[in-house]
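Asker: Got a structure for you, questions after.
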Amino acid sequence: MFKSVAKVARSKRGVGITLSIWVLLMVLLSALAPSSRDAISPKDGSGLPESALSEQAKKEMNRYFSNDASTPAILVFTSDKPLTTEELSSIAKASKAIDEAKIKSVKEVLPLYQMPSQVLQAFVSEDGTSISLPVTLLPNLEAKEMSAAIKKIEKETKDNVSNSVQYYMTGPAAIAADATKLFENADVVLILSTVALILVLLVVIYRSPLLAIIPLLACGIVYQVTDKILGLVGKAGVFLDSQTLSIMSILLFAAITDYSLFIFARFREELKAGHTKYQSMQNAMKHVAEPIFFSGATVIVSVLILFFASDAAYRNFAPVFAIAMFIIVIGGLTLVPALFTLFGKIAFWPFIPKPNKVQKEKITVWSKLGTFVTKRPGIIAIVITIIMLAFSANVFNMQFSFNLLKSFPEDLESRQGFEILEEKYSPGSLAPTTVLITSNEKINGEQLAELAAELEKQKGVESISPTPEAIKRDFSSTLSENGKAAKLQLTLKDNPYSQKAMDVVKNLQKNTDQMLKDSDTKETFSLYFSGETALQADIDRANDRDTLLVVSLVTIFITIMLGILTRSIIAPIYMMGTILLSFFSALGIGTFLLDAIFGVDAVSSRIPLYTFVFLVALGVDYNIMLISRIQEEVGHFSMKEAVQRGVTYTGGVISSAGLILAATFAVLTTQPIMELFTFGFIVALGILLDTFIIRSMLVPAIVVLLGNKAFWPFKQKNKKLEDYQA
């Protein structure tokens with residue numbers, strides 16, 4: 001297969017056909033297919049499996065209270081001083097204006113204007129400076145409809161509220177609308193920043209303008225094809241979101257640039273041997289096609305394993321990245337070599353390779369490093385392993401955040417409004433937990449009051465609404481139409497997005513049977529918990545399960561693939577072991593630096609798994625390039641000399657590729673979403689550790705220490721050194 005791939009570039013005709021197919025494909029797709037951004041899918045549900053407790057609660061809620069389905073938004077009014085009667089009156093007037101405007105997507109507004117002044121005062125914060133106005137939107141609105149409704153609400157508010165009062169839109173609806181705004185211009189900035197960065201780094205490192213332009217030309221063609229194909233699959237029903245597409249574009253530019261560097265480094269070697277540009281590229285591809293294929297295949301396998309995750313947030317990554325990576329690998333094996341062959345020696349101008357000239361072996365930093373590693377492999381392996389394990393130890397100190405708003409910029413309106421509510425009101429009141437009680441018979445008020453009292457005295461619960469006393473007086477407002485279900489609101493003591501609050505809900509779910517027994521309702525009632533905290537508790541459970549499963553499967557499958565590539569049993573073990581060590585050390589030192597430098601004391605719970613998939617899949621690339629070259633040298637030289645030559649010949653290209661790959665992922669730190677910032681930072685740091693420490697020093701040291709056992713049972717046939725050099 002790889003010989004066939006190599007033959008593509010062996011003639012002018014083959015190069016012409018290859019380039020024509022890619023250009024024609026790009027033109028046709030650009031004319032006929034939508035952009036991936038035009039096919040972004042609206043979020044449908046939580047993404048959790050039906051077996052999740054919060055999903056079961058949601059199903060029961062829809063069964064008994066289907067008319068209550070909605071998307072809440074909250075208008076927060078605040079002032080530096082306690083709100084005056086006139087200011088409260090203007091806020092009440094704004095609620096009336098919103099109500100009477102009959103905005104299409106608005107379901108209802110809390111009628112503050114109908115409330116007596118003493119009742120209105122009950123909605124004001126303890127310090128008297130703030131008041132909130134709930135506005136309920138229709139459920140399942142698209143992002144554009146939600147944004148349009150919020151704009152109309154804000155217009156009515158601006159026209160009626162006093163100028164001395166500040167107002168902010170927050171709540172799930174406003175948060176979703178703000179998230180859409182954040183990505184409106186971010187993608188253009190991301191692509192332009194990536195292109196500029198790659199261009200500058202390639203020019204600085206290789207000092208040849210065409211060596212910088214050719215990879216970017218390949219990136220542009222492959223990106224256009226990939227973008228349009230993803231647009232088609234998005235329209236066909238595959239889930240696409242802005243965050244996934246942003247990371248995909250970074251991966252595409254990084255991978256194509258990496259493959260370009262691997263190819264042109266070997267292409268230059270062959271040109272120096274005096275071959276024609278066609279023969280040189282054919283010879284080069286015989287050596288690099290297999291490593292490129294396997295490096296791409298490991299990424300595809302890694303992301304496809306995300307299909308086994310229970311959380312749709314992970315599963316949605318799988319098809320997008322698998323499709324993109326498949327196209328990237330094809331581009332790396334066909335388009336990139338065709339472009340380099342088209343330009344030939346001119347691509348290296350002003351440092352054009354001169355054939356048939358006796359080349360003195362230059363003493364480079366990589367040849368010195370190769371010599372150093374082969375002389376002191378034991379010391380190097382021990383020292384690096386100890387340092388990496390020390391970095392990895394910080395993983396046990398990681399803190400996770402489940403609050404999406406904390407991922408947004410501090411000056412974003414929905415975050416500012418939420419933080420005012422957080423400061424002025426009880427933390428648990430920001431997102432109360434809904435308790436659904438169902439029964440086979442009509443619910444008895446006395447039993448419901450007993451259960452409410454039992455719930456109220458649970459650890460971590462601040463209050464319940466309505467109270468047990470109120471339920472005894474009248475509980476009709478809590479009942480479903482058939483009287484066989486009731487809703488109560490549980491306010492927790494802690495922030496609803498905190499780990500403490502989630503632990504409270506988990507304990508409530510765990511102790512459901514005991515609470516029903518203690519309230520003498522076990523035979524009558526069933527209990528369900530829903531709301532933001534219950535949802536986050538399920539996401540936490542799913543994340544733990546998915547992380548363990550995906551990490552295990554990725555490790556197993558990549559180890560098997562490395563075994564197939566190296567035709568060895570021993571090599572995949574230390575290759576995969578060093579990759580895992582690199583990942584854990586990057587995660588440990590990365591979270592430490594994020595806290596120490598940027599004040600990020602907690603990261604998204606999804607960061608470890610995302611970074612694992614990308615760091616492991618991408619880290620394999622450099623392992624493959626190094627080990628493939630060492631195996632090529634074994635048989636012609638002793639093991640020590642083969643390792644020294646492997647480090648010498650691959651050190652420059654791997655370090656350049658790693659530097660560019662790390663810088664490319666670091667571009668994600670310019671994005672306005674903290675989750676992308678932390679992901680980009682940790683992946684970039686991990687790639688640098690992998691490139692300059694693991695791949696350049698630790699792996700070669702291990703190979704030297706293992707000697708002939710390093711590739712067991714693989715054996716390279718001995719050839720005459722003269723023939724090899726020729």
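The values are calculated or read from the model by the stated rules, or taken from the named source; none is laboratory data. Keep in mind the model is a prediction, meaning the values are calculated, not measured. Virtual Cβ from ideal backbone geometry, glycine too; neighbours counted across all protein chains shown. For accessibility, only protein heavy atoms count, side chains too; no ligands or nucleic acids. Shrake-Rupley method; radii C 1.70, N 1.55, O 1.52, S 1.80 Å.
Asker: Find all pairs meeting these conditions: Cβ atoms under 8 angstrom apart; at least six residues apart or on different chains; first residue within region 115-126 and small (Gly, Ala, Ser); second residue open to solvent by 70 Å² or more (accessible area, probe 1.4 Å).
Answerer: From region 115-126, the pairs are SER117/THR85.
Asker: Can you say whether LEU369 is open to solvent by less than 30 Å² (accessible area, probe 1.4 Å) and touching a Pro at 6+ places or on another chain (Cβ under 9 Å), as far as the supplied structure shows? Don't jump to the end; show me each part of the working.
Answerer: Details: open to solvent by less than 30 Å² (accessible area, probe 1.4 Å): no; touching a Pro at 6+ places or on another chain (Cβ under 9 Å): yes.
Considered against the rule, which asks whether it is open to solvent by less than 30 Å² (accessible area, probe 1.4 Å) and touching a Pro at 6+ places or on another chain (Cβ under 9 Å), LEU369 comes out as no.
Asker: Only one residue in VAL603, VAL620, VAL616 is in contact with a helix residue (DSSP H, G or I) (Cβ under 6 Å, 6 or more places away or on another chain) and either surrounded by fewer than 24 Cβ atoms within 10 Å (Cβ to Cβ) or charged (D, E, K, R) (or both), so which one is that?
Answerer: VAL616
Asker: Still on this structure: Working only within region 256-273, note down all residues that are open to solvent by less than 30 Å² (accessible area, probe 1.4 Å) and farther than 12 Å from MET285 by Cβ.
Answerer: Residues satisfying the conditions are ILE256, THR257, ASP258, SER260, LEU261, ALA265, LEU271.
Asker: Shifting gears a bit: Scan region 72-80 and give yes if some residue there is within 18 Å of LEU137 (Cα to Cα) and either touching a Lys or Arg at 6+ places or on another chain (Cβ under 8 Å) or surrounded by fewer than 16 Cβ atoms within 10 Å (Cβ to Cβ) (or both), otherwise no.
Answerer: The initial filter retains those residues of region 72-80 that are within 18 Å of LEU137 (Cα to Cα), namely 72-76.
From what's left, either touching a Lys or Arg at 6+ places or on another chain (Cβ under 8 Å) or surrounded by fewer than 16 Cβ atoms within 10 Å (Cβ to Cβ) (or both): 72.
Yes - at least one qualifying residue is present in region 72-80.
Asker: Somewhere in region 472-479, is a residue of a type in the set (Lys, Arg), over 41 Å from the mean Cα position of the chain (by Cα), farther than 16 Å from ALA57 by Cα and open to solvent by 20 Å² or more (accessible area, probe 1.4 Å)?
Answerer: Of the residues in region 472-479, the ones of a type in the set (Lys, Arg) are 472-473.
Those still in the list that are over 41 Å from the mean Cα position of the chain (by Cα) too: 472-473.
Cutting the leftovers down to farther than 16 Å from ALA57 by Cα gives us 472-473.
Filter once more, keeping what is open to solvent by 20 Å² or more (accessible area, probe 1.4 Å): 472-473.
Scanning region 472-479, I find at least one residue that is of a type in the set (Lys, Arg), over 41 Å from the mean Cα position of the chain (by Cα), farther than 16 Å from ALA57 by Cα and open to solvent by 20 Å² or more (accessible area, probe 1.4 Å), so the answer is yes.
Asker: Filter region 98-128 for residues that are of a type outside the set (Val, Ile, Thr), in contact with a Lys or Arg (Cβ under 9 Å, 6 or more places away or on another chain) and over 21 Å from SER429 (Cα atoms) and give the result.
Answerer: Selection gives ALA101, LYS104, SER105, TYR113, GLN114.
Asker: Quick check on my filter: what residues within region 697-717 are open to solvent by 10 Å² or more (accessible area, probe 1.4 Å) and either assigned to a helix (DSSP H, G or I) or modelled with pLDDT of 95 or more (or both)? Break it down stepwise before answering.
Answerer: Within region 697-717, the first condition is being open to solvent by 10 Å² or more (accessible area, probe 1.4 Å), and the residues that meet it are 697, 702, 704-709, 712-717.
Answer for region 697-717, where residues must be open to solvent by 10 Å² or more (accessible area, probe 1.4 Å) and either assigned to a helix (DSSP H, G or I) or modelled with pLDDT of 95 or more (or both): MET697, ILE702, VAL704, LEU705, LEU706, GLY707, ASN708, LYS709.
Rundown of residues vs (1) in contact with a Leu (Cβ under 9 Å, 6 or more places away or on another chain); (2) modelled with pLDDT of 90 or more, yes/no style:
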{"position": "ASP258", "(1), (2)": "yes, no"}
{"position": "LEU261", "(1), (2)": "yes, no"}
{"position": "LEU271", "(1), (2)": "no, no"}
{"position": "HIS275", "(1), (2)": "no, no"}
{"position": "GLU290", "(1), (2)": "yes, no"}
{"position": "VAL303", "(1), (2)": "no, yes"}
{"position": "SER310", "(1), (2)": "yes, yes"}
{"position": "VAL320", "(1), (2)": "yes, yes"}
{"position": "GLY332", "(1), (2)": "no, yes"}
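Asker: Select, from ALA501, ALA534, ALA470, ALA486, the only residue that is in contact with a Ser or Thr (Cβ under 6 Å, 6 or more places away or on another chain) and without any contact (Cβ under 8 Å) to a residue 60 or more places away in the chain.
Answerer: Numbers: ALA501 fails: without any contact (Cβ under 8 Å) to a residue 60 or more places away in the chain; ALA534 fails: without any contact (Cβ under 8 Å) to a residue 60 or more places away in the chain; ALA470 fails: in contact with a Ser or Thr (Cβ under 6 Å, 6 or more places away or on another chain).
Being in contact with a Ser or Thr (Cβ under 6 Å, 6 or more places away or on another chain) and without any contact (Cβ under 8 Å) to a residue 60 or more places away in the chain holds for just one of ALA501, ALA534, ALA470, ALA486, which is ALA486.
Asker: Out of all the residues in region 481-492, which are open to solvent by 10 Å² or more (accessible area, probe 1.4 Å) and either polar (S, T, N, Q) or under 16 Å from GLU450 (Cβ atoms) (or both)?
Answerer: ASN482, GLN489, THR491
Asker: Every residue in region 556-568 that is in a helix (DSSP H, G or I) and either open to solvent by 40 Å² or more (accessible area, probe 1.4 Å) or without any contact (Cβ under 8 Å) to a residue 60 or more places away in the chain (or both), please.
Answerer: Within region 556-568, the subset in a helix (DSSP H, G or I) is 556-566.
Once the filter is applied, which keeps residues that are in a helix (DSSP H, G or I) and either open to solvent by 40 Å² or more (accessible area, probe 1.4 Å) or without any contact (Cβ under 8 Å) to a residue 60 or more places away in the chain (or both), region 556-568 yields ILE556, PHE557, THR559, ILE560, GLY563, ILE564.
Asker: Filter region 254-276 down to the residues that are in contact with a Pro (Cβ under 9 Å, 6 or more places away or on another chain) and hydrophobic (A, V, I, L, M, F, W, C) and list them by number.
Answerer: ILE256, LEU261, PHE262, ILE263, PHE264, PHE267, LEU271, ALA273
Asker: Would you confirm, using the coordinates I've provided, whether LYS375 is more than 36 Å from the chain's Cα centre (by Cα), at negative phi and open to solvent by 10 Å² or more (accessible area, probe 1.4 Å)?
Answerer: Taking the combined requirement at face value, the residue satisfies it.
Asker: Taking the residues in region 583-600 that are more than 18 Å from ARG695 (Cβ to Cβ), of a type in the set (Val, Ile, Thr) and in contact (Cβ under 8 Å) with a residue 24 or more places away in the chain as candidates, determine which candidate is surrounded by the most Cβ atoms within 10 Å (Cβ to Cβ).
Answerer: THR591
Asker: Checking the conditions here, which among ALA324, ALA338, ALA312 is touching a residue at least 60 places away in the same chain (Cβ under 8 Å) and under 21 Å from ALA52 (Cα atoms)? Lay out the reasoning, then the answer.
Answerer: Working: ALA324 fails: under 21 Å from ALA52 (Cα atoms); ALA338 fails: under 21 Å from ALA52 (Cα atoms).
From the options ALA324, ALA338, ALA312, the qualifying one is ALA312.
Asker: Being open to solvent by 20 Å² or more (accessible area, probe 1.4 Å), among the charged types (D, E, K, R) and within 29 Å of the chain's Cα centre (by Cα) narrows it down to one residue among GLU446, GLU422; which is it? It would help to see each step written out before you state the result.
Answerer: Values: GLU446 fails: within 29 Å of the chain's Cα centre (by Cα).
Of GLU446, GLU422, the one residue that is open to solvent by 20 Å² or more (accessible area, probe 1.4 Å), among the charged types (D, E, K, R) and within 29 Å of the chain's Cα centre (by Cα) is GLU422.
Asker: Oh, and also: Does region 476-497 hold any residues that are among the β-branched types (Val, Ile, Thr) and closer than 12 Å to PHE65 by Cβ, and which are they?
Answerer: Hit for region 476-497 is THR478, nothing else.
Asker: State all residues of region 145-184 that are more than 19 Å from the chain's Cα centre (by Cα) and without any contact (Cβ under 8 Å) to a residue 12 or more places away in the chain; if no residue qualifies, say none.
Answerer: LYS151, LYS155, LYS158, ASN163
Asker: Say we look at region 645-680 and pick out the residues that are within 14 Å of the chain's Cα centre (by Cα) and within 19 Å of ILE693 (Cβ to Cβ); which of these is most open to solvent (accessible area, probe 1.4 Å)?
Answerer: ALA666
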